[in-house]
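**Student:** If you scroll down you'll find the structure; I have some questions about it.
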Amino acid sequence: MKGFKKLILFLFLVMVSLSIYTIFFPATRFTSTEKEFTLTTPLGKEQILSQLEKQDIVRFPILLDILYSLYGDWDLVQPGKYSISKNASIWNIAHMLKNSRKGVTKLVINKLRTKEDFAKLISHQFLLDSSEILQFISSNDSLHDWGIDTSTFYTIVIPDTYECYKNSSLRVILSRLRSGAEKFWLQNNRLEKASKLGLKTNEVYTLASIVSEETNFASDQSLIASVYMNRLKKKMPLQACPTVKFAMRDFSLTRIYEKYLQVASPYNTYRNIGLPPGPICTPEAAVIDRVLDAPVTDYLFFVAKSDFSGFHHFSANYTEHQLYAAEYQKALDIYQQKQKNKKL
């Protein structure tokens, strides 16, 4: 009888040890460092366990069922995108579900041009619908809380990497971006520099967006910024080709013909004097700084060099500019004819 009791005790201890091991030691089935999975509505114990099993997340779903039934409430688990590390235990997963911790995602923002670009980016990384995002950011009433409108929307979006919870709402994401923008302008005397230029921060941002679309070369960006600021001071139209592309919603254009300059749009800086209503892309922080720190020049014109290096000729008078412009146009005609001949 004593031997039987010892056997029962031994088996009990083995079961307890195995349970402790399976609960507190790695219990995932995937081999990658981390795996994301999505819990969609409707939720409940059966649906959650089924989704975890189908996506090869948990090695012991039955044990998770038992533990979480004692530890939490299946009906309170929230839908969203979750992230589980390779060595997560049953306990880790149960704790995550109880707290509905979806983890943190890094929202990386580079150059964006249209609101559709933003909606696509956000919907791809968060549990949000792109059409609903687009509808929200296309409404002045919706954007009022952030001090922006549909034209100036992108002025709160400074290209950078932002950390947000995977289940963040669009309002939370926009507030995070807004906080980032406010912090950005308070750094490195940017507000003071903008004030000295006689520009508001949204105007600096808009000007930087145009400069960003003109060239990728830092030295030319600074000089182009000086050209545009000289034009603004003299109340001359900016005549920026990138704004015409934006107005036409055709970013593939490589040459702006006269007929394009007639497009009726507040973004057409050939027809309208001053800055457009808002930015035409999200410029990098470095480009914004080049606008703020642009050198004082007497340049009023610039045109791409005929060697297609990407650099520009800068001029203070129209006669000189015309010579450089004619040189570039001639080179462009020759280049395009060669490209056309290749297709024949």
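The values are calculated or read from the model by the stated rules, or taken from the named source; none is laboratory data. In this text the structure is predicted, and so the values were computed from the model without any measurement. Backbone-built Cβ (ideal geometry, glycine too); neighbour counts: all protein chains shown. In case anyone asks, the SASA skips ligands and DNA or RNA and just uses the protein heavy atoms, side chains included. Shrake-Rupley method; radii C 1.70, N 1.55, O 1.52, S 1.80 Å.
**Student:** Being open to solvent by 10 Å² or more (accessible area, probe 1.4 Å), under 17 Å from the mean Cα position of the chain (by Cα) and without any contact (Cβ under 8 Å) to a residue 24 or more places away in the chain: is that true of residue 121 here? Give the derivation first.
**Tutor:** Values: open to solvent by 10 Å² or more (accessible area, probe 1.4 Å): yes; under 17 Å from the mean Cα position of the chain (by Cα): yes; without any contact (Cβ under 8 Å) to a residue 24 or more places away in the chain: yes.
Criteria met by residue 121.
**Student:** Which members of the stretch 245-268 meet the condition of being loosely packed, with under 10 Cβ neighbours inside 10 Å and either in a helix (DSSP H, G or I) or more than 28 Å from the chain's Cα centre (by Cα) (or both)?
**Tutor:** 257, 258, 259, 264
**Student:** For the structure I just gave you, tell me whether residue 69 is over 29 Å from residue 45 (Cβ atoms), touching a Lys or Arg at 6+ places or on another chain (Cβ under 9 Å), free of Cβ contacts under 8 Å to residues at least 40 places away in the same chain and surrounded by fewer than 16 Cβ atoms within 10 Å (Cβ to Cβ).
**Tutor:** No.
**Student:** Which one of 191, 207, 199 is within 20 Å of residue 152 (Cα to Cα), surrounded by fewer than 19 Cβ atoms within 10 Å (Cβ to Cβ) and either touching a residue at least 60 places away in the same chain (Cβ under 8 Å) or hydrophobic (A, V, I, L, M, F, W, C) (or both)? Give the steps one after another, and end with the answer.
**Tutor:** Details: 207 fails: surrounded by fewer than 19 Cβ atoms within 10 Å (Cβ to Cβ); 199 fails: surrounded by fewer than 19 Cβ atoms within 10 Å (Cβ to Cβ).
The match here is 191.
**Student:** Among the candidates 134, 127, 97, 76, single out the residue that is among the hydrophobic types (A, V, I, L, M, F, W, C), open to solvent by 20 Å² or more (accessible area, probe 1.4 Å) and more than 25 Å from the chain's Cα centre (by Cα). I'd like the intermediate steps shown before the answer.
**Tutor:** Working: 134 fails: more than 25 Å from the chain's Cα centre (by Cα); 127 fails: more than 25 Å from the chain's Cα centre (by Cα); 97 fails: open to solvent by 20 Å² or more (accessible area, probe 1.4 Å).
The conditions single out 76.
**Student:** Related question: In the stretch 296-338, how many are part of a helix (DSSP H, G or I), open to solvent by 50 Å² or more (accessible area, probe 1.4 Å) and among the aliphatic types (A, V, I, L, M)?
**Tutor:** If we filter the stretch 296-338 for residues that are part of a helix (DSSP H, G or I), which is where we start, we get 318-338.
Applying the additional criterion that residues be open to solvent by 50 Å² or more (accessible area, probe 1.4 Å) yields 318-320, 322-324, 326-327, 329-330, 333-338.
Subset that is among the aliphatic types (A, V, I, L, M): 323, 326, 334.
Residues flagged as part of a helix (DSSP H, G or I), open to solvent by 50 Å² or more (accessible area, probe 1.4 Å) and among the aliphatic types (A, V, I, L, M) within the stretch 296-338 amount to 3.
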